[in-house]
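The structure appears right after this line, and notes come after that.
The values are calculated or read from the model by the stated rules, or taken from the named source; none is laboratory data. These figures come from a predicted structure and were not determined experimentally. Cβ coordinates were reconstructed from backbone atoms using ideal geometry, including for glycine residues, and neighbour counts include every protein chain displayed. Surface areas here come from the heavy atoms of the whole protein model, side chains and all, with no ligands, DNA or RNA. Shrake-Rupley method; radii C 1.70, N 1.55, O 1.52, S 1.80 Å.
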Amino acid sequence: MSEPFIRVRELHQRFGDNHVLKGLDLDVYRGETLVLLGGSGAGKSVLLKHLPGLMCPAEGTVTVDGTEISCLNERELGPIRRKVGIMFQGGALFDFMSVGDNVAFPLRESGVTDEKEIGKRVTAALTIVKLDGQESKMPADLSGGMRKRVALARAVVDRPACVLYDEPHAGLDPVTADTIDHMIKCLQEDHGMTNVVVTHEMRSVFHIADRVIFLKDGKIHWEGT
């Protein structure tokens with residue numbers, strides 16, 4: 001296989017006496033959809049938060065596109081986070097912002113000031129998730145599935161090379177969950193994005209995964225197609 005886009009080596013993470021990740025090694029290859037499985041408390045979400053530098057390892061290294069990001073400061077992490085988008089478990093939309101402003105938030109944070117360019121990229125991102133023309137709506141006006149799709153649009157608006165998904169199917173009915181699966185594969189196949197998905201939804205695993213990692217007791221217990 002090609003050189004990994006993300007490489008994790010000997011990753012440890014502790015919270016007090018709770019040793020969550022225990023020397024974990026992981027490669028994420030460019031252009032694949034990798035699914036992370038495991039029981040509650042296995043360390044899936046903790047691992048995911050290390051990949052864009054949201055958490056600093058207690059021990060070990062995380063390398064993204066050839067750059068080691070372990071414990072870089074926020075300014076140094078900026079260019080890396082433009083390569084790695086994240087869709088949080090609950091969507092994490094700002095309730096006081098419209099759909100358009102929520103999706104535009106990463107662009108403005110990264111220093112884009114041309115409102116015409118921002119509008120163009122927000123429209124393109126919303127088109128990908130089939131929410132054309134919904135810019136003026138507020139999160140409270142949206143269904144759970146639509147909020148997830150807005151969160152996905154926000155994750156891809158800065159055109160990252162990789163998108164991370166923390167439980168994208170949580171709280172969704174089967175039809176809406178299938179829609180999210182279709183969009184994940186569309187991003188991979190039509191836009192060349194790498195996907196890393198944490199989920200408990202086994203039906204979705206068979207729809208979207210190129211490779212599966214099963215975590216148990218803070219380590220990789222099984223890996224395969």
Mind ordering 196-207, 127-138 by average Cβ neighbours within 10 Å, highest first? 196-207, 127-138
Would you kindly derive the ³J(HN,Hα) couplings of region 165-170 from the backbone phi angles with the Karplus curve 6.51 cos²θ - 1.76 cosθ + 1.60 (θ = phi - 60°), listing them in order in whole Hz, with x for Gly and Pro? 10, 9, 6, x, 9, 4
Amide H partners (placed H, <5 Å) of GLY23, local residues excluded: LEU11, HIS12, GLN13
Taking only the alpha-carbon positions of the chain as identical scatterers, the Debye log10 I(q)/I(0) at q = 0.11, 0.14, 0.18 Å⁻¹ comes out as -0.53, -0.87, -1.38
Quote the relative contact order of the chain in percent (integer), defining contacts as alpha-carbon pairs under 8 Å separated by 6+ residues. 29
Using +1 at the C-beta of Lys and Arg and -1 at the C-beta of Asp and Glu, which of LEU26, ILE86, GLY39 has the Cα lying farthest in the positive direction of the dipole of region 1-97? ILE86
Share antiparallel - DSSP beta bridges, the chain, percent rounded to 5: 55
When only alpha-carbon atoms are used, what values of Rg and Dmax, in angstrom, describe region 25-80? 12.0, 35
Probe 1.4 Å, protein heavy atoms only - accessible area per residue of the chain in square angstrom: 47
Compute for region 4-111: radius of gyration divided by Kirkwood radius, i.e. Rg/Rh, restricted to C-alpha atoms, rounded to two decimals. 0.99
Using the Cα centre as the reference, give the magnitude of the dipole from point charges on the C-beta atoms of the chain (Lys, Arg: +1; Asp, Glu: -1; all else neutral), rounded to the nearest 20 debye. 60
Expressed as a whole percentage, what fraction of the accessible surface of the chain belongs to carbon and sulfur atoms when a 1.4 Å probe is rolled over the protein heavy atoms? 51
As a test of the formula, what do you get for the chain when each DSSP H run with n ≥ 4 contributes -39,500 (n - 2.57) and the sum is divided by the residue count, at 222 nm and rounded to the nearest 500 deg cm²/dmol? -10500 deg cm²/dmol
Expressed in nm², what is the orientationally averaged projection area of the convex hull enclosing the Cα positions of region 145-194? 3.2
For LYS44, which lysines qualify as cross-link partners when the Cα separation must be under 17 Å and same-chain residues fewer than eight apart are set aside? LYS22, LYS216, LYS219
In units of 2.2 N^0.38 Å, what is the alpha-carbon radius of gyration of region 113-225? 1.16
